[in-house]
1. With an 8 Å cut-off on Cα pairs and a minimum separation of 6 or more residues, tell me the relative contact order of the chain in percent.
2. How compact and how long is the chain, expressed as Rg and Dmax of its alpha-carbon atoms in Å?
3. Between the helical axis of 52-61 and the dominant principal axis of the chain, each derived from Cα atoms, what acute angle in degrees is found, rounded to the nearest 10?
4. Taking only DSSP H segments of four or more residues, each worth -39500 (n - 2.57), what value at 222 nm results for the chain once the sum is divided by all its residues, to the nearest 500 deg cm²/dmol?
5. Relative to the first principal axis of the alpha-carbon coordinates of the chain, what is the inclination of helix 16-26, with its axis defined by its Cα atoms, in degrees from 0 to 90 and to the nearest 10?
6. Distance from a point 7 Å along Cα→Cβ of Asp78 to each backbone N in the stretch 13-52: keep the residues under 16 Å and list them by number.
7. Grab the eigenvalues of the alpha-carbon gyration tensor for the stretch 37-87, scale each by 5, take roots, and send me the semi-axes largest first in whole angstrom.
8. List the aspartates and glutamates whose Cα sits under 12 Å from the Cα of Lys92, skipping any in the same chain fewer than 8 residues away.
Amino acid sequence: MNVTQLSVFMENKPGHLQGVLKTLADANINIVTLTIAETSDFGILRMIVNDPDKAKKVLQENRITCSVTDVLAVELDDKPGSLFKAIDTFTKNRLNIEYMYAFTEKRGDKAVMIFRFDNIEAAKKALAQEGISIVKKIDIIGA
């Protein structure tokens, strides 16, 4: 199952991140994990939240530019070589990773990585063939 990620485009200036976070907090939206990619002028805040539809709505109502994207949460053994195995699977299947980041907490003895692909269905098939688990959306954001 795909996980819905929220991406927020914002100026790289003091207070802009705070404004996004306050908007989400005021709407009782919980951020499960996030990453920020930035340039000197702008940044993209990518995050997994407990209610992406509501988050998108409240951000847009507050004139904050955002979008939703499907990503995969991939469960890997928390040991040397596990990430290499996943990346090797993607390379063998000619799958392009647009970006990736680590999930903030472990699932037992497993680590979780978030991946964005140009072909998410092909990535799911390749992972299944290699026996690499995809974490269900409900397991990421909670019930």
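1. 28
2. For the chain, the Cα-based Rg and Dmax read 15.9, 46 Å.
3. 30
4. -9500 deg cm²/dmol
5. So the helix axis and the longest Cα principal axis differ by about 90 degrees.
6. Label zone hits: none.
7. After diagonalising the Cα gyration tensor, the semi-axes are 30, 16, 8 Å.
8. Partners found: Glu130.
Values in this text are rule-based calculations from the coordinates and carry no lab data. Everything numeric here is computed off the predicted structure, so don't read it as measured data. FYI the Cβ positions are ideal-geometry reconstructions off the backbone, even for glycines, and counts take in every protein chain you see.
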